[in-house]
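These notes concern the structure reproduced below.
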C-alpha cells in the first residue's frame, strides 16, 4: 500500500490508460455490427468487394507483385496464404464483424469487413 | 562530460541499441499481430533519457532508427520507426521533465505512444480506418511492454548511476 501512495500519480496514469483502452474496446464492440461485405484495398485503392454470404477464393495482387490468397467461407474471411516472409496476415485469423480487418503491411493490403451497401432495391424514389 | 567520453558513450549506447534491435527481430512474433513486441531498444533510449539527458536520448534513438532502417529495413519501415520513435520520445520527455513521473510510467507512455505513432503512419499509408481493432490490441500490449521495460531499465539506471564508471 505504501508503494501505491508513493507512486500515486504513476498508478493513476497507468490506470487511466487501461480504463481508456477498455472504453475504446466497449465503443468498438458497441458500434461493430455484423458485416455483410468484405472490401479489399491495395495501397488505399479499393480493388474488390465481396459478400460474406458467398463462399469464394480470391487472389489479391498487392504492392510490388506480392500476393495474398483470401478465402471467404461460412460467412467468415481469412488469408489462406501470402507471399510475404512473415505471413502475419494468415495468423490474424477469421474476421466477420464490421470494422474488423486483416492487414498485410508488406503488400499494403487491407481486407476489411463493412456493413452491406444498401442495394438499389432499398431506394424509395430517384428524382432526376 | 569530456568530449572523448561523450563520443565513447554515444558509440556504446548506439551499438547496444542496434544489437537489441537485431535480437528483437530474431524473436518470432509470439502474437500473431505485427507491431506487438517488447521494444527492447527502448531500454537504451530510457537509459539515455535518465543518465545522458533528453537531447542525447533523441539523438541516439534517431541514429539507431536510421541505421536499423539502412541495414534491415526499407523506406516504409523507416517511416513507421521514426514516427513511433519521435512520438514516444516526446511523451517520455513530457512525463519525465514536466511531471517528474517514475521511470515505469515514463516507459509505459513511451510504449503506448510508440504504437500510436505507428498506427498513425499506417492510417496514412493504407488510407483506412479499419485498424481500430488493431489499435486496441496495440494499446494494451504497449502498456504491458512499457511496464516490463520500465522495470528493467529502472534497475539498470539505479546500478549504472551508483557505479563509479559514470
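The values are calculated or read from the model by the stated rules, or taken from the named source; none is laboratory data. What you see is a predicted model; the values in this text were computed from it and never measured. Methodologically, a virtual Cβ is constructed for each residue, glycine included, from the backbone with ideal geometry; neighbour enumeration extends over all protein chains shown.
Those residues that are within 9 Å of chain B (Cβ to nearest Cβ) and at pLDDT 85 or above, I need them from the range A:26-43; list them, please.
Of everything in the range A:26-43, those that are within 9 Å of chain B (Cβ to nearest Cβ) and at pLDDT 85 or above turn out to be A:39, A:41, A:43.
Just a yes or no: is a residue in the range B:69-80 at pLDDT below 95, under 25 Å from residue A:14 (Cα atoms) and within 14 Å of chain A (Cβ to nearest Cβ)? Please lay out each step first, then the result.
Here is the first cut: in the range B:69-80, the residues at pLDDT below 95 are B:69-80.
Retained after the next criterion (residues that are under 25 Å from residue A:14 (Cα atoms)): B:80.
Then keep just the ones that are within 14 Å of chain A (Cβ to nearest Cβ); that gives B:80.
For the range B:69-80, residues at pLDDT below 95, under 25 Å from residue A:14 (Cα atoms) and within 14 Å of chain A (Cβ to nearest Cβ): present.
Please determine, by comparing only the residues of the range A:53-93 that are over 15 Å from residue A:40 (Cα atoms), surrounded by 15 or more Cβ atoms within 10 Å (Cβ to Cβ) and away from chain B (no Cβ under 14 Å), which one is farthest from the chain's Cα centre (by Cα).
Here the answer is A:83.
Report yes if residue B:59 is more than 10 Å from chain A (Cβ to nearest Cβ) and more than 24 Å from residue A:93 (Cα to Cα), otherwise no.
On the way: more than 10 Å from chain A (Cβ to nearest Cβ): yes; more than 24 Å from residue A:93 (Cα to Cα): yes.
Yes.
Can you confirm whether residue A:107 is surrounded by 14 or more Cβ atoms within 10 Å (Cβ to Cβ), at pLDDT 85 or above and part of a loop (DSSP other than H, G, I, E, B)?
Working: surrounded by 14 or more Cβ atoms within 10 Å (Cβ to Cβ): yes; at pLDDT 85 or above: yes; part of a loop (DSSP other than H, G, I, E, B): yes.
Here the answer is yes, as residue A:107 does meet what is asked.
Could you list, in sequence order, the residues of the range A:50-82 that are in a strand (DSSP E or B) and touching a residue at least 40 places away in the same chain (Cβ under 8 Å)? Can you show your working first?
Our first condition is that a residue be in a strand (DSSP E or B); within the range A:50-82, this holds for A:50-51, A:56-61, A:67-73, A:76-82.
Hits for the range A:50-82 are A:51, A:60, A:67, A:68, A:70.
Just for the range B:100-122: of the residues that are within 8 Å of chain A (Cβ to nearest Cβ) and touching a helix residue (DSSP H, G or I) at 6+ places or on another chain (Cβ under 7 Å), which one is nearest to residue B:145 (Cα to Cα)? Give the steps one after another, and end with the answer.
Filtering the range B:100-122 for residues within 8 Å of chain A (Cβ to nearest Cβ) gives B:101-102, B:104-105, B:108-109, B:112, B:122.
Filter once more, so that each one left must be touching a helix residue (DSSP H, G or I) at 6+ places or on another chain (Cβ under 7 Å): B:101-102, B:104-105, B:108-109, B:112.
Working: B:101: 17, B:102: 16, B:104: 10, B:105: 11, B:108: 7, B:109: 10, B:112: 9 Å.
Filtering the range B:100-122 for residues that are within 8 Å of chain A (Cβ to nearest Cβ) and touching a helix residue (DSSP H, G or I) at 6+ places or on another chain (Cβ under 7 Å), the one nearest to residue B:145 (Cα to Cα) comes out as B:108.
A quick yes/no check of all residues on (1) outside any helix (DSSP H, G or I); (2) touching a residue at least 60 places away in the same chain (Cβ under 8 Å); (3) surrounded by 20 or more Cβ atoms within 10 Å (Cβ to Cβ):
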position: B:19; (1), (2), (3): no, no, no
position: B:46; (1), (2), (3): no, yes, yes
position: B:49; (1), (2), (3): no, no, yes
position: B:57; (1), (2), (3): no, no, yes
position: B:62; (1), (2), (3): no, no, no
position: B:89; (1), (2), (3): no, no, yes
position: B:107; (1), (2), (3): no, yes, yes
position: B:125; (1), (2), (3): no, no, no
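Tell me, which residue of the range B:127-153 that is crowded, with 20+ Cβ neighbours inside 10 Å, under 19 Å from the mean Cα position of the chain (by Cα) and in contact (Cβ under 8 Å) with a residue 40 or more places away in the chain is nearest to residue A:29 (Cα to Cα)?
B:138
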